[in-house]
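Down below is the structure, laid out as structure tokens.
The values are calculated or read from the model by the stated rules, or taken from the named source; none is laboratory data. A quick note: this is a predicted structure, and the numbers were derived from the prediction, not measured. Here the Cβ is made from the backbone with ideal geometry for all residues, glycine too, and neighbour counts use every protein chain on show. Just so you know, the surface numbers come from the protein's heavy atoms only, side chains and all, with ligands and any DNA or RNA stripped out. Shrake-Rupley method; radii C 1.70, N 1.55, O 1.52, S 1.80 Å.
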Amino acid sequence: MTLPPNVRRIAVTRPPAVWGRDLQAAKLAWSVMEGLGLELFELDIDLLLNGSAQEIGTHISELLSFRPQLAVATPNAGYLFNAVISSAKSRPNVFLDVLAIPCLLTWDSVVQFPSQLPHINRSCCPDETSRGVLQSLKSALDHPLLFHVAYDKGQIDAMVGLGILPAGRVLHKPVFAYQAFVDFGRAEAASVRQDERVAFTGTLRVDALPSPYESLAFFPELDRQVVSDRPLSQPVWNSLIEFIAGLSAQERETFGLGPDSGCFWGLADYIVSYRANILDRLRVIEGIARPVTFYGNVVEKGVSAFRLPPNMTMGGDQDMISRLPKLNAGTAITVDVVNRIFGSGYTAKIASCLAAGGFCLFDWRPEFIDAFGDDGGQVMFRTIDEMNTKIDIFLGNPAYRRALADYFKGEIAQRHSAKEFYRSLLSQMAVNYKIT
């Protein structure tokens, strides 16, 4: 599907510079849309949040003069909720209330949505936490001008099951590979000489300061069942829901552990987005039988000295655009643990590593099988033992490893590039909303 010739002007959200990774991802998306022949207006979220009334007024006037036909929350859906005029009493949304134009929301996280609505209090204190959260989410998300696209089928099921969105309001589309990685894979990957490193790329957020949710009486048992003892292949969200269902009705009521309560969403966000991510990544890294080089950041809050796992050495942070594609292509095996906000899908980091010509080995994701067939199962593991077995197999057979990597690189470039992702979705929006 090609973009209709009448679709030309798109408004996009510009994350604040302090949110560096998100800004980098947004810039990659803008580059793709510009490559499709679109004109872009960057709505400055930092200005909306912190600028003077005069600065905000000038910015909105320039946006109105641009006359955008569609909007895209870049790099993800959450930025729609930041696109408000905070200096106005009613806090109107720029896209939905001021411009009244359709907006593309690509989202990957159920648990993080409530944190982006300013009127929802997610405190674990029963007297402070918000009630009526489901209706607030439904009112915010079930808007006729919002075009929802989710990378993860499990999260669609959760949203529909909770009654936040009706069936059919969310389109599922597998995550894309960043175009810079696709382009590198097409032009440069074959010339990169691979070494025998096993690497892990990403971020570890280590916090020694206890969360308020850890003071809840049942937290130690929740932490054991849902995080520490949970199999790698079991989605964290599912485990959390099962644990809460096993509590008494009185406990659920006392602590506000139903999805209509802010405490439920705060606890879910802490467990799924933070705690399970850190501990699952650490247990996988520590479980790798060979030395592993960590490329990325360790974000330490309240930690005087983070103790590296004994098999891990730091390789330094890598710029996402200029250096990471070459690192992926030049590393024998990049091990990854999918962000726990994904229940059954996989991330752009994995797709991009493969698109650049790298070889990625990661924890089991059913939707990767859906996208790539049985070959997808060869690059995934359910247990630490299976991961180490596959590391040994692929390091011992570089031709086999290279053949699989070339297969995924070609498939992703053809069917799952960022360019194809945005082209197809913006084209569909133009049809659905009758853009002229």
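Points to keep in mind about this one:
- Percent carbon-and-sulfur accessible area, region 70-184, ignoring ligands, DNA and RNA, probe 1.4 Å: 52
- Per-atom-type breakdown for region 218-274 gives carbon and sulfur 52% of the accessible area (1.4 Å probe, protein chains only).
- Semi-axis lengths, Å, region 332-380, gyration tensor of Cα atoms, sqrt of 5 times eigenvalues: 15, 13, 9
- Separation of region 23-75 from region 125-203 is 21 Å, based on Cα centroids.
- Placing unit charges on each Cβ (+1 for Lys and Arg, -1 for Asp and Glu) gives the chain a dipole about its Cα centre, and among LEU43, CYS263, VAL170 the Cα reaching farthest toward its positive end belongs to LEU43.
- Order of exposure, largest accessible area first, which applies to HIS119, HIS59 with probe 1.4 Å: HIS119, HIS59
- Listed pairs LYS173/LYS409; LYS89/LYS138; LYS138/LYS434; LYS138/LYS349; LYS27/LYS138; LYS173/LYS349 exceeding 27 Å between Cα atoms: LYS138/LYS349; LYS27/LYS138
- Exposed GluC sites (Glu not before Pro) absent: longest stretch of the chain, with sites in DSSP loops and at most 15 other Cβ within 10 Å deemed exposed: 197-436
- Using the 1.4 Å probe convention, the accessible area of the chain works out to 41 Å² per residue with neighbouring protein chains retained.
- With every protein chain in place, region 321-371: carbon and sulfur % of accessible area (1.4 Å): 57
- Start at zero, step by 10 Å, and the Cα-Cα distances of the chain spread as 4, 20, 30, 27, 15, 3, 0 percent across the bins.
- Here the chain is scanned for trypsin sites (Lys or Arg not before Pro) in DSSP loops (not H, G, I, E, B) that have at most 11 other Cβ atoms within 10 Å, and the longest stretch holding none of them is 308-433.
- Think of each Lys and Arg Cβ as +1 and each Asp and Glu Cβ as -1; about the Cα centre, that makes the dipole of the chain roughly 800 debye.
- For PHE255, the shell of other residues with beta-carbons less than 14 Å away shows a net charge of -4, using +1 for Lys and Arg and -1 for Asp and Glu.
- Expected 222 nm ellipticity per residue - DSSP helices of 4 or more, -39500 (n - 2.57), all of the chain, to 500: -11500 deg cm²/dmol
- Candidates VAL337, VAL72, VAL98: whichever shows maximal mean-square fluctuation once the chain is modelled as a Gaussian network with Cα springs under 10 Å: VAL98
- Between LEU171 and ASP374, the simple label model (points 7 Å from Cα in the Cβ direction) yields a spacing of 3.2 nm.
- Positive dipole terminus of region 120-189, leading residue within PHE184, ILE120, MET159 (C-beta point charges): MET159
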